[in-house]
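S.K.: Input: one structure, supplied below.
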Amino acid sequence: MPSTDPASLPDFRHDPAAFRAFYERYKARVFNTILSYVQSRSEAEELTQDVFVEVHQSAQRFAGNAAVSTWVYRIAVNRALDFLRYQKRQKRFAVLKSLFSSETGELLHDPPDFDHPGVLLERQDAARRLFGAIRHLPEAQQTAFILSYVEELPQAEVAEVMGLSRKAVESLLQRAKANLRKRLENWDPDRRN
Amino acid sequence: MNDDDLLDPLKGLQRAEPNLFLFTRIEARLVNRIGQCGNVHVSPVALRLTLAGLALLSLINVLALRSQSDSTDRQTDTTDYQLSTANYRLY
């Protein structure tokens, strides 16, 4: 809740209790945001660690011109996107090197289907397809969609996290939904989206 | 497919909880980081190169001192020789 966020942060390096409280407050938001991008629990935990280490080191530099939650979301989104870019580079390299594992014959560097741990059981199949399709969205559309519909942030905060106007976010969401619809309507169960 | 159908899988989505020990792992990383910043870390390669450099400098100094003392001895010899040849010059 941005309205209750403090305008400045304590120096966590000298206040471990405050850092613990901060972690407890934001851990689920950071972890879930990252999880929606990377779609792997272990990778999401690694990146969540990175985010909190960064927060610990740079809390003193937090200027207070945005809500703390906005600042934390920004760090989390950037970390997740950096990781996805790194994965894409690895994937490209893998295409050049070898597409398939010499041992199992399986396609390498392709993430397995993702089951979000918080999805209701009766919606699991549809959620799996939706998260699979989200993975294929361009970065900005992906961020707008995840923050708006998975994290359920108000559009004003999404705009602030992304450094865009509300109109721009709205337009990104329209395009994201159109792309997702197209992909889900053409979804072929025998071929991974 | 309308918006409702598209967003239906996200209805009732619960937040996932990270591992209970995640905070301990973060703390461990922070302690590691602080440890690395607190102690000046010198790599073994750099240490060996520095020692080798110092040894080389000492060797050069010793050689320079020796060659200086040799040339002083030689100068003394030359002067003695010149004096003796002067003394025994035939007129």
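Since every read-out is calculated from the coordinates, none of them should be taken as a lab result. Not measured: the values here are computed from a predicted model. No Cβ is skipped: glycine too gets one built from the backbone with ideal geometry, and neighbour counts run over all protein chains shown.
S.K.: Among the residues of the stretch A:145-174, how many are within 14 Å of chain B (Cβ to nearest Cβ) and of a type outside the set (Val, Ile, Thr)? Before you say what the answer is, go through the steps one by one.
M.R.: Step one: of the stretch A:145-174, the residues within 14 Å of chain B (Cβ to nearest Cβ) are A:145-153, A:170, A:173-174.
Then drop every residue that is not of a type outside the set (Val, Ile, Thr), which leaves A:145, A:147-149, A:151-153, A:170, A:173-174.
Number of matching residues: 10.
S.K.: Collect the residues in the stretch A:57-69 that are buried (at least 20 other Cβ atoms within 10 Å of the Cβ) and hydroxyl-bearing (Ser, Thr, Tyr), keeping them in residue-number order.
M.R.: Of all residues in the stretch A:57-69, those buried (at least 20 other Cβ atoms within 10 Å of the Cβ) come to A:59, A:68-69.
Passing the criteria: only A:Ser69.
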